[in-house]
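Worksheet: the structure to be examined is printed underneath.
What follows draws every value from the coordinates through simple rules; no lab data is involved. Everything quoted here is computed from the prediction, not taken from an experiment. Because the Cβ atoms are built from the backbone with ideal geometry, glycine has one as well, and the counts that use them run over all protein chains shown.
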Amino acid sequence: MFASDKKSQQLIKKIGERTYKLLKFKEDKVPPKQRKQFYSLDVSAAMIFCNIDLKKLYEFSDFDFIHDITSINKNLNRNTYKLENCFFPRSAK
């Protein structure tokens, strides 16, 4: 993970777990642990250029939480770690 402090790493892990539970990947052939890490890494990578308030994100309503998570996943350039298409997370500071 890109997050440097233990508290951030723990929150990012919880975010990955919550994402997995909310999106219910029943037909997914990717093992649950890898799927949780996939979303956790997206959030962690997005933090490089976008100051995401992890606590705020984690405490969001399900709707706002999934909006930010799926939009980060969709708009994250995995080469530059920048968010594209003018997307700015609701959880950003």
Can you compute the modelled spin-label distance between TYR81 and LYS21, with each label point 7 Å from Cα toward Cβ, in nm?
2.8 nm
Please name whichever of LEU54, PRO31, ALA92 sits farthest to the positive end of the charge dipole of segment 16-93, dipole taken about the Cα centre and charges placed at Cβ: Lys and Arg +1, Asp and Glu -1.
PRO31
Helix 6-23 versus the longest principal axis of the chain: what angle, 0 to 90°, nearest 10, using Cα atoms?
50 degrees
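Calculate the dipole size of the chain relative to its Cα centre from +1 charges on Lys and Arg beta carbons and -1 charges on Asp and Glu beta carbons; express the result in debye to the nearest 20.
Values: 19 positive and 11 negative charges, 65 e Å.
Here the size comes out at about 320 debye.
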To the nearest 10 degrees, the tilt of helix 32-46 (Cα long axis) against the first principal axis of the alpha carbons of the chain is 10 degrees
Compute the long axis of helix 62-75 from its Cα atoms, compare it with the longest principal axis of the Cα atoms of the chain, and write down the angle in degrees, 0 to 90, nearest 10.
70 degrees
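Full-extension gain between LEU41 and ASP64, please, as 0.36 nm times their residue separation minus the C-alpha to C-alpha distance.
My answer for the length gained is 6.4 nm.
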So what is the orientation-averaged projected area of the chain, using the convex hull of its C-alpha atoms, in nm²?
5.8 nm²
Straight-line reach from LYS7: which lysines fall under 25 Å, measuring Cα to Cα and dropping same-chain residues less than 8 apart?
LYS21, LYS33, LYS36, LYS55, LYS56, LYS82, LYS93
